[in-house]
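I have placed the structure first, in the form of structure tokens, so that the comments after it can refer back to it.
The values are calculated or read from the model by the stated rules, or taken from the named source; none is laboratory data. Owing to the predicted nature of the structure, the values given are computational and were not obtained by experimental measurement. Here the Cβ positions follow ideal geometry from the backbone for every residue, glycine too, while neighbour counts run over all protein chains shown. The protein model used for the area step is the full one, side chains on, heavy atoms only, and it has no ligands, DNA or RNA in it. Shrake-Rupley method; radii C 1.70, N 1.55, O 1.52, S 1.80 Å.
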Amino acid sequence: RCVPDKQRSFALGVQSVFLRLLGTIPGPILFGVAIDNSCTLWDINECKTKGACWVYDNERMAYLLMGISAACKIITIIFVVMAVCLYKPP
């Protein structure tokens with residue numbers, strides 16, 4: 001509605017790129033960091049490098065994952081409210 005008809009396909013392409021970049025790249029990284037931070041016992045080999053996690057703190061993992069989800073939801077609500085307040089119909 002807010003893009004001229006001649007630029008509609010370009011606007012949809014730009015929107016798709018932003019959704020892909022902001023929706024698919026940071027999510028797995030954030031959740032992976034949260035899972036790694038909830039590990040309490042790592043497998044460490046002879047070269048002192050970390051391997052797989054053996055024991056997780058389930059309560060910490062639940063709080064971290066719920067915190068990430070809640071923060072993303074709050075950010076989404078803020079942007080939706082801003083869009084509703086700032087949108088001026090043509």
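Descriptive notes on the structure:
- Given (1) at pLDDT 90 or above; (2) open to solvent by 80 Å² or more (accessible area, probe 1.4 Å), index of the condition Arg1 fails: (1)
- Conditions (1) under 16 Å from the mean Cα position of the chain (by Cα); (2) modelled with pLDDT of 95 or more; (3) open to solvent by less than 90 Å² (accessible area, probe 1.4 Å): number failed by Val81: (1)
- Considering the range 37-78, the residues that are within 26 Å of Leu22 (Cα to Cα) and of a type in the set (Ser, Thr, Tyr) include one that is surrounded by the most Cβ atoms within 10 Å (Cβ to Cβ), namely Ser38.
- Enumeration of residues in the range 23-39 that are within 8 Å of the chain's Cα centre (by Cα), farther than 15 Å from Gly67 by Cα and among the hydrophobic types (A, V, I, L, M, F, W, C): Ile25
- Scanning the range 51-90 for residues that are aromatic (Phe, Trp, Tyr), without any contact (Cβ under 8 Å) to a residue 12 or more places away in the chain and over 20 Å from Pro28 (Cβ atoms) yields a single hit, Phe79.
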